[in-house]
Amino acid sequence: MLLGAVSVTGFAPLYAWPVPVVALAALFWLVRHAQPSHAFTLGWCYGLGLFGAGISWVYISLSVYGGLPVLLAVLATLLFAAFLALYPAWALWLAARLSAPGWGRMLLALPASWVLSEWIRGWFLTGFPWLAVGYSQVPDGAFAGFAPVLGVYGVSLLLAVVAGCFARWHPRAMAIGVILLCSGWGLLQVEWTRPVGQPVSVALLQGNVPQDMKFRPERLQTTLHGYAQQMLSSQARLVILPETALPLFRSSVPSDYLALLARHARGQQGDVLLGLPEDLPSGEYFNSVISLGSAAEGRYRKQHLVPFGEFVPWGFRWLVDMMHIPLGDFSRGGAQQPPLGAAGQKLAVNVCFEDVFGEERIHAARQSSLLVNVSNDAWFGDSLAPWQHLQIGAMRSLEAGRWQLRANNTGVSAILDERGRVQAALPLFTSATLHGRAQGREGLTPYLRWGNGPVLFLILGLLLAAALLSRQHRTSR
C-alpha cells in the first residue's frame, strides 16, 4: 500500500518519473514467488495506496461542490479507490496463475497483465484510465519517446518490462532494461510530424469563476461581462473560452452578446471557440463548444460523458439527487466528429475528461493541425487533479505530434508543443488571459496510424509466451 501511495509522486505536479518504475519493480519482486491468492492481495493493497492517494480529489467534488454529507463523501471516495484497486489485484493474480516463478513471470506475465488491466480499466463501465503508469513519463521521462509509437499503454508496457528486469536483478535482465531506457531517450529525438503554415496567435481565457457560484443567477451578468471584456481586450486570431464558460443554454444567450464576440473575432480575421450547454427543441441538451467568427459556425458536442456528473448510471438516481450538480443528464455527441475549422487551422476539440481516452481522440487528431481541450477543473479545488489533467493532455500531444491549447476555468490553462512540453501557462485560480502563438502541424505518428492495436498484440503475445514457458517448466520437472 505504501509503494502504491509513493508512486503517485511520479505523476504531476512532482514529475518524479523514476519513482513508479522503482515502485512497480518492488511490487513485482514481492510477487516473484507468490501464489495467485497472495498476489491478488498484494495487488489490491498496492492499488488502494495508488488510487487512495492519487484520486483523493474525488472527495472535493462530491462533498465541497456536490453537496454530499462529509461521511458519505469519504465513504464513496474510499469505495471508489477500493474498486479501482481490483484492477491491479486481478493483474497480479492473472500473472501468478499463468506463470511459474522466474523469467516468464517477471519479464512477460507481470508486465503484460498489468497493462492489460490498465487497458480494460480504460473502457469497462465507461472507463477510468486515470493514473495509468505511462502518464508518469511525460513530458521528460525516459519512456516518453515511445508515446508517438505505441501510445500511453505502450509506454506503460515498456516501463513495466523494465520494472520486471530490475526486479529480476540478473545481468541479462538489467541489460534489457538499460537498452529499453536508452531507446526511449533516442526516440524523443525523432520528429514524427512537420510544421504546416505560419504560427497562429492565440488567447486562452481563464475566467476563474468559483464552482459554487458558476450557475447562480446573480453571478451570470458578472460572468458574461468578464469574458466579453477579456475577449475584446485580445488581438489574437484564435480565442478559446473554457468548458461551459457561458453557464446558460445557447437558446438563452442574448443574441447581441454572441454577435459582439463574433464581430470582434472577424475583426482579427479569426474565430472564437466558447463552451456552453446547447439545447435542442426535442429537449436534449449537449455539453458543446461552438465556433464563431470568420469561418462558418461550427460545433463540437461532448461524446464521452462523466458518470454522475453528466449522466446518471442506471440505479444511481438516488445518489445523483443527493448532489447539487446542475445539468446532470446530457445527451451524447457523435462518436467521430470532424475537426472544427477556425483561424486557418483544423482543431481537434474535446471537452474536459474526454482527453483521458486517447484512442477516442485519434479520428479527429489525424485530420487536425492543432488539439484543443476546454475544461472546468474547478470541481476539484486546489488538488492534484488539475496538474494530473495537464499531464494527461501532454500525453495526447506526444501521441499525436500536435501542439495543444488548453483553456480551463480555474486552471491549468496552457499551451503545449508537439512534445507535450508547456510553452506557456497561467497560475491556478487567477482570472487572466494567456496569450501566445501555436504552430500547426501535419503528418501521422505511428500511434495515429495504428492506435492501440500493436500494444494489445504485444500483450497477448507476452501472456502466451509466459504460459508456454510455465508449461514447459512444469513438464521438465
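Based on this model, can you work out whether GLY102 counts as more than 23 Å from the chain's Cα centre (by Cα) and on the phi > 0 side of the Ramachandran plot? Here the answer is yes, as GLY102 does meet what is asked.
All of (1) surrounded by fewer than 19 Cβ atoms within 10 Å (Cβ to Cβ); (2) of a type outside the set (Lys, Arg); (3) in the same structural domain as VAL209 (by TED's automatic domain parsing) hold for ALA394 with one exception: (1).
Selection within region 208-227: residues that are in contact (Cβ under 8 Å) with a residue 12 or more places away in the chain and not in a helix (DSSP H, G or I). The member of this set that is surrounded by the most Cβ atoms within 10 Å (Cβ to Cβ) is VAL209.
Across region 16-38, a minimum of one residue is classified as aromatic (Phe, Trp, Tyr), over 15 Å from LEU84 (Cα atoms) and out of contact with any Asp or Glu (no Cβ under 9 Å at 6 or more places or on another chain). Within region 338-369, if we keep just the residues that are at pLDDT 95 or above and part of a loop (DSSP other than H, G, I, E, B), the residue that is nearest to the chain's Cα centre (by Cα) turns out to be PHE357.
Could you tell me whether any residue of region 153-169 is buried (at least 22 other Cβ atoms within 10 Å of the Cβ) and among the polar types (S, T, N, Q)? Among the residues of region 153-169, at least one is buried (at least 22 other Cβ atoms within 10 Å of the Cβ) and among the polar types (S, T, N, Q), which makes the answer yes.
Only residues that are at pLDDT 95 or above, assigned to a loop (DSSP other than H, G, I, E, B) and closer than 30 Å to GLN211 by Cα were counted in region 23-71, giving 3.
Has region 163-174 got at least one residue that is at pLDDT 95 or above, within 25 Å of the chain's Cα centre (by Cα) and either part of a loop (DSSP other than H, G, I, E, B) or in the same structural domain as TRP29 (by TED's automatic domain parsing) (or both)? The answer is yes, given that some residue of region 163-174 is at pLDDT 95 or above, within 25 Å of the chain's Cα centre (by Cα) and either part of a loop (DSSP other than H, G, I, E, B) or in the same structural domain as TRP29 (by TED's automatic domain parsing) (or both). Residue check: is ALA262 in the same structural domain as PHE353 (by TED's automatic domain parsing) and either within 20 Å of GLY436 (Cα to Cα) or in a strand (DSSP E or B) (or both)? In short, no.
Listed here are the residues, each with its yes/no results for (1) buried (at least 20 other Cβ atoms within 10 Å of the Cβ); (2) under 24 Å from SER136 (Cβ atoms).
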position: TRP403; (1), (2): yes, yes
position: ARG406; (1), (2): yes, yes
position: THR445; (1), (2): yes, yes
position: PRO454; (1), (2): no, yes
position: LEU462; (1), (2): yes, yes
position: ALA467; (1), (2): no, no
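Against the criterion of being closer than 19 Å to ALA96 by Cβ and not aliphatic (A, V, I, L, M), GLN439 does not qualify. In region 265-276, of all residues being in contact (Cβ under 8 Å) with a residue 24 or more places away in the chain and part of a helix (DSSP H, G or I), the one that is surrounded by the fewest Cβ atoms within 10 Å (Cβ to Cβ) corresponds to ARG266.
Please count how many residues of region 63-109 are within 18 Å of MET1 (Cα to Cα) and crowded, with 19+ Cβ neighbours inside 10 Å.
Step one: filter region 63-109 for residues within 18 Å of MET1 (Cα to Cα), giving 77-93.
From the residues that got through so far, the ones that are crowded, with 19+ Cβ neighbours inside 10 Å too are 77, 81, 84-85, 87-93.
Matching residues across region 63-109 total 11.
Going by the structure shown, is ARG421 in contact with a Pro (Cβ under 9 Å, 6 or more places away or on another chain), at pLDDT 95 or above and of a type in the set (D, E, K, R)?
Values: in contact with a Pro (Cβ under 9 Å, 6 or more places away or on another chain): yes; at pLDDT 95 or above: yes; of a type in the set (D, E, K, R): yes.
Answer is yes for this residue.
One residue alone among PHE28, PHE51 is farther than 21 Å from ASP377 by Cα and crowded, with 19+ Cβ neighbours inside 10 Å, and that residue is PHE28. Out of all the residues in region 395-412, is one or more closer than 11 Å to LEU204 by Cα, assigned to a loop (DSSP other than H, G, I, E, B) and at pLDDT 95 or above? The answer is yes; a qualifying residue exists.
Yes/no matrix, rows are residues, columns are (1) over 20 Å from GLN388 (Cβ atoms); (2) in contact (Cβ under 8 Å) with a residue 60 or more places away in the chain; (3) part of a loop (DSSP other than H, G, I, E, B); (4) in contact with a His (Cβ under 8 Å, 6 or more places away or on another chain):
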{"residue": "MET106", "(1), (2), (3), (4)": "yes, yes, no, no"}
{"residue": "ALA109", "(1), (2), (3), (4)": "yes, yes, no, no"}
{"residue": "ALA112", "(1), (2), (3), (4)": "yes, yes, no, no"}
{"residue": "LEU116", "(1), (2), (3), (4)": "yes, yes, no, no"}
{"residue": "PRO129", "(1), (2), (3), (4)": "no, yes, yes, no"}
{"residue": "GLY145", "(1), (2), (3), (4)": "yes, no, no, no"}
{"residue": "GLY151", "(1), (2), (3), (4)": "no, yes, no, no"}
{"residue": "SER156", "(1), (2), (3), (4)": "no, no, no, no"}
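Beta carbons closer than 7 Å, at least 6 apart along the sequence or on distinct chains, pair a first residue in region 340-362 that is touching a residue at least 40 places away in the same chain (Cβ under 8 Å) and under 15 Å from ASN452 (Cα atoms) with a second that is part of a helix (DSSP H, G or I) and small (Gly, Ala, Ser) for GLY358/GLY151. When the residues of region 188-207 are narrowed to those that are part of a loop (DSSP other than H, G, I, E, B) and not hydrophobic (A, V, I, L, M, F, W, C), which ends up surrounded by the fewest Cβ atoms within 10 Å (Cβ to Cβ)? Filtering first and then ranking leaves GLN189.
Restricting attention to region 156-163, does a residue exist that is β-branched (Val, Ile, Thr) and touching a helix residue (DSSP H, G or I) at 6+ places or on another chain (Cβ under 9 Å)?
So far as region 156-163 goes, yes, one or more of its residues are β-branched (Val, Ile, Thr) and touching a helix residue (DSSP H, G or I) at 6+ places or on another chain (Cβ under 9 Å).
Does GLN235 fit the bill of being part of a loop (DSSP other than H, G, I, E, B), surrounded by fewer than 14 Cβ atoms within 10 Å (Cβ to Cβ) and on the phi < 0 side of the Ramachandran plot? Yes, satisfied.
Looking at region 48-64, is at least one residue of a type outside the set (S, T, N, Q) and touching a Pro at 6+ places or on another chain (Cβ under 8 Å)?
Filtering region 48-64 down to residues of a type outside the set (S, T, N, Q) leaves 48-55, 57-60, 62, 64.
Those still in the list that are touching a Pro at 6+ places or on another chain (Cβ under 8 Å) too: 50.
Checking region 48-64: at least one residue is of a type outside the set (S, T, N, Q) and touching a Pro at 6+ places or on another chain (Cβ under 8 Å).
Each residue in region 277-297 was checked for being part of a strand (DSSP E or B) and either free of Cβ contacts under 8 Å to residues at least 12 places away in the same chain or not aliphatic (A, V, I, L, M) (or both), and 9 of them qualify.
The values are calculated or read from the model by the stated rules, or taken from the named source; none is laboratory data. Since this is a predicted model, take the numbers as computed values, not measurements. Ideal geometry is used to build each Cβ from the backbone, glycine not excepted, and the neighbour counts take in all protein chains shown.
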